[in-house]
Structures are given as structure tokens and as C-alpha cells.
1. In the stretch 18-38, what residues are open to solvent by less than 30 Å² (accessible area, probe 1.4 Å) and outside any helix (DSSP H, G or I)?
2. Look through the stretch 150-171, keep the residues that are modelled with pLDDT of 95 or more and of a type in the set (S, T, Y), and return whichever of them is surrounded by the most Cβ atoms within 10 Å (Cβ to Cβ).
3. Which fully enclosed strands (runs of 3 or more DSSP E) of the stretch 41-159 have 1 or more residues being among the aromatic types (F, W, Y)?
4. Give me the pairs: first residue in the stretch 54-77 and touching a residue at least 24 places away in the same chain (Cβ under 8 Å) and outside the structural domain of Q116 (by TED's automatic domain parsing), second residue assigned to a helix (DSSP H, G or I) and open to solvent by 60 Å² or more (accessible area, probe 1.4 Å), beta-carbon distance under 6 Å, and six or more apart or on different chains, which are they?
5. Looking at T120, is it touching a Ser or Thr at 6+ places or on another chain (Cβ under 6 Å), among the polar types (S, T, N, Q) and over 28 Å from R269 (Cβ atoms)?
6. Can you tell me which residues in the stretch 26-53 are in contact (Cβ under 8 Å) with a residue 24 or more places away in the chain and in contact with a Phe, Trp or Tyr (Cβ under 9 Å, 6 or more places away or on another chain)?
7. Just to be sure I understand, how many residues within the stretch 18-38 are of a type in the set (A, V, I, L, M, F, W, C) and within 14 Å of ligand 1 (Cβ to nearest atom)?
8. Filter the stretch 1-17 for residues that are touching a helix residue (DSSP H, G or I) at 6+ places or on another chain (Cβ under 6 Å) and part of a strand (DSSP E or B); which is nearest to ligand 1 (Cβ to nearest atom)?
Amino acid sequence: RMFFEPVTTPCGHTFCKECLERCLDHRPNCPLCKQSLREYLKAGKYSPTVLLQDIMLATFPAQLAERRELHRAEMAELSNLTRNIPIFVCTMSFPGIACPLHVFEPRYRLMIRRCQETGTRRFGMCIYENGKSFADYGCMLEIRQIELLADGRSLVDTIGRRRFRVLSRGHRDGYHTADIEYLEDRKVAGEELQELQCLHESTYRLAQRFCEHGDLTSRHILMQHGPLPEKEEDIQASADGPTWCWWLISILPLDPSYQLNLFSCTSLRARLTQLQRILTALLQQPP
Ligand SMILES: [Zn+2]
Ligand SMILES: [Zn+2]
């Protein structure tokens, strides 16, 4: 392959920007002369080697155009949000709920950088599951902010978007990928909707009681996750249902496998019924 977007390091060596970044994911040294590139990495700015680019353009215009087209096709493929989406295997995350991540593994650095480059700023989050590398359900996360640390690690602030079901699993450059379909709560109408609204009201009141109960929700939880979100006008407006349910599921002392169970359920009514049961049990516990 031809040089693509060449950059030159302070030690005078020239690489494709992407190839250099991928080497630096593993260790902060020049891949050729091994000189430390910590300062260079910290600055986070790679200046293009314009002269080389000009020479390549003048000498191999056709090959360069081909290389650009290849890059464009790769970016398009990486931007697909249902096929071969990147999967970060780490923690339970939920629609509308913040999920801060500490990214240090080279494969995940690459994944996050690609999400930025393609502009999707999204990737899937799944928990590990024995025997199948990751669970059958996950949540799309959207990157809100990235804080790059001097050694190349980063603190990535994300928020949960839609839930999905895994249709098939794959790999790309060391990280997992999946073909997915998005989940959607079944909508109800008429009498059923009225019942659902009643159930929603009473469960929300229980949630409020639970949150006011100082022993159960420690200050620690409220500091980390914020207060119980407000009710939403139309409880069926979102494909994932009201955010406050996810907030509650994320703070309740539940097993990840049980959380996943609630997560994959596409009936708001069933989710609320389960929450009522859990909240009632917790509120009845002797102090
Ligand atoms: Zn290269
Ligand atoms: Zn060097």
C-alpha cells in the first residue's frame, strides 16, 4: 500500500498517520528508532508531511486516488451502525444513562479513534458472557467527550443510546464486532395504555419513596448517578421507554444477568412490574 496521509515524527521518521497511531497505541516510541514520542503523543497533533504528499501526487496521481478511494470505502464500512459495529466488552450500560470509560487497551484506543474519524461517535457496549465472548444484548454508546492522557490512555465520557440484539459476531483488528438489530418496546393503546399509565405512576411513586429512603440510596450513588430523572410526558415516545426506569435499574443492587434480563425485555409493562416487585421488597427490608 502507498503512504497515506504521511506524518513525520520529531526524530525524523515518516509514517502513514494511521499506521503511526496504531504503533503508538502499544508503546509511545518511534517504531523505527525507538526514541520516546511521549511529548509528541501528548500534544496530540500530527503535522502532515506536505512535501512528500506533493511529490506523491505529482508522481503517482492514479495510485494516490486509488488509495484515497480505498480509505473512503473503509470509512463508509466503519460507519455502518447495524452491520459489523464495534463492540466494547466491559460493563452494563443503559439508554439515556451516562457511562464513563477508562480506555487503555490498544484495541479499544483504535476503536474509539475510528468512531471519531468516521463521525459516528458510536459503538456498542456489551457485558462479557461465558462461552460466547459477549452477551446477546447491548446498548449503543455515544461519545460525548474524550480526555486524552499523556501516555495515550483516555477518559471517555459516553451516554447510552438505543438497545440492540446481537444477530452475529465477528472481529476487526483485535476487537469484537457484531451485526445487530435495534430493540423497540411494543406499543399499546386504548384501555391497555390506561392501565400502563397507572402502573407507570405507581411505580414512579415507589421509586421516589425508595430514593428518599436515605439508607437505601447512599449519597455516593446520587453523587455518581445524579438524582432520579423526571417522568416523561409520553411514556411510549422512546423505543426504549422512560429513562428513569434505566436509571433505577442501573443503581439497584441487581445481578448483571438480572439487569440484562430487564434490559432485553421489550414490554414496558413487564419492566415496570418487575421494578415494582424489587422496590417493594427493598422498602420492606427492616432497617
Ligand atoms: Zn502505512
Ligand atoms: Zn524515529
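The values are calculated or read from the model by the stated rules, or taken from the named source; none is laboratory data. Small disclaimer: the values here were computed from a predicted structure and weren't measured. Positions of Cβ are backbone-derived with ideal geometry, glycine not excepted, and every protein chain shown enters the neighbour counts. Areas reflect the complete protein model, heavy atoms only, side chains present, ligands, DNA and RNA absent. Shrake-Rupley method; radii C 1.70, N 1.55, O 1.52, S 1.80 Å.
1. Within the stretch 18-38, the first condition is being open to solvent by less than 30 Å² (accessible area, probe 1.4 Å), and the residues that meet it are 20-21, 24-25, 28, 30, 37.
Answer for the stretch 18-38, where residues must be open to solvent by less than 30 Å² (accessible area, probe 1.4 Å) and outside any helix (DSSP H, G or I): P28, C30, L37.
2. First, the residues of the stretch 150-171 that are modelled with pLDDT of 95 or more: 155-171.
Next, from what is left, pick out any that are of a type in the set (S, T, Y): 158, 168.
Working: T158: 26, S168: 10.
Ranking the qualifying residues of the stretch 150-171, first place goes to T158.
3. Values: elements: 85-89, 98-103, 122-126, 137-148.
Ranges flagged: 85-89, 122-126, 137-148.
4. Close Cβ pairs (under 6 Å, with a partner that is assigned to a helix (DSSP H, G or I) and open to solvent by 60 Å² or more (accessible area, probe 1.4 Å)) amount to L64/L57.
5. Yes; evaluated as a whole, the condition is true for this residue.
6. P28, Y40, Y46, T49, L52, Q53
7. 5
8. Step by step, filter the stretch 1-17, then rank; the result is P6.
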